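One structure is given here, and the rest of the page talks about it.
The values are calculated or read from the model by the stated rules, or taken from the named source; none is laboratory data. Note that the structure is predicted; figures quoted are calculated from it, not measured. Every residue, glycine as well, gets a Cβ built from its backbone with ideal geometry; the counts of neighbours run over all protein chains shown.
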Amino acid sequence: MNPPVDAVLQHPPKLHIRRMGRADNHALPVVMLHGAFTGSLASWWMTCAPRVAKFNPVVLYDLRGHGLSQRPAEGYRLADHLDDLARVTAGLGPFALVGHSLGGWIAIEAARAWPDRVSALVGVDVPIGAKRPRTSHEAAEADTASKGTPRARRRHHQLTLAETTFRSDLAAEAPLDVADLASLRCPTLMAFGRQSPFVDGAELARAALGTNSVQMFDGGHALHLDATADLSDAITQFLSGPAITTTTTATTSPKGTAEPDHAHG
């Protein structure tokens, strides 16, 4: 397995990314997206990503306004996050997406928008049918913060909420519903915590995708922290399944060729 390599995509907003995992041209790349407010690429780096990286190349990145990525004053709609994801995945062939909370929401929208590029999708405790996505996200992410998020990182995201349009942009989005999930064309696994504020979304996901596409875990919203081993196993088993396309034939990204980055080990 290759050592991790960090890089920065320089075109604004600057995005901090980390590449890790096995060097295998036949293994499906996996892009893992973290949740909002208290999340960063460390959310996966310190939990499930090392297990996934034993079998697949993995790409992690800090969403705009999070971690070491740039914090623009505005531009936090789902379309803006999709633009960032297009930059991160430029130059990749087909890939899988794994997303927690807001990251899962972005991943679902990407799979709907790019059905020829996204070969598999894992959504981890994604808010489905939430009538007030802003309030629900904040309550859930506060639960994540209570599980040991460093104070400096909490302060960073408090500034994101105070100094940007993040909150209002997210609140303006229509919540995910059954029809959105039913429109997915790639193999999909949805994971929910039995003690999560979003657990009711599991029934909606079953209605849209079928019972076998939903797994339940003991834990709250922060499943990557509450059920790290079980969730890691579920992700790797799903991605190794016969329904997942493993070809890495190059395709054109939605935003063209790969953006030069400044990498460092």
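A few points about this structure:
- Helices (runs of 4 or more DSSP H) lying entirely in the range 29-147 (those with 1 or more residues that are surrounded by fewer than 21 Cβ atoms within 10 Å (Cβ to Cβ) and modelled with pLDDT of 95 or more): 42-45, 49-52, 78-89, 102-113
- Within the range 79-94, not a single residue is under 21 Å from A227 (Cα atoms) and either among the small types (G, A, S) or in contact with a helix residue (DSSP H, G or I) (Cβ under 8 Å, 6 or more places away or on another chain) (or both).
- Residues satisfying the stated conditions in the range 219-237, i.e. in a helix (DSSP H, G or I) and more than 16 Å from the chain's Cα centre (by Cα): D226, A229, D230, D233, Q237
- Every condition in (1) at pLDDT 95 or above; (2) more than 22 Å from R18 (Cα to Cα) is met by P242 except one, and the failing one is (1).
- Every test in (1) under 23 Å from S232 (Cα atoms); (2) surrounded by fewer than 19 Cβ atoms within 10 Å (Cβ to Cβ) is passed by A205 save one, and that test is (2).
- Taken over the range 194-218, the criterion of being outside any loop (DSSP other than H, G, I, E, B) and of a type in the set (A, V, I, L, M, F, W, C) is satisfied by A202, L204, A205, A207, A208, L209, V214, M216, F217.
- The residue that is modelled with the highest pLDDT, counting only those in the range 148-188 that are among the β-branched types (V, I, T) and part of a helix (DSSP H, G or I), is V178.
Here's the yes/no breakdown for (1) within 10 Å of the chain's Cα centre (by Cα); (2) of a type in the set (S, T, N, Q):
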position: D84; (1), (2): no, no
position: T89; (1), (2): no, yes
position: L92; (1), (2): no, no
position: G99; (1), (2): yes, no
position: I106; (1), (2): yes, no
position: R112; (1), (2): no, no
position: L121; (1), (2): yes, no
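- Checking each residue in the range 1-28 for being under 24 Å from V126 (Cβ atoms) and in a loop (DSSP other than H, G, I, E, B) picks out P13, L28.
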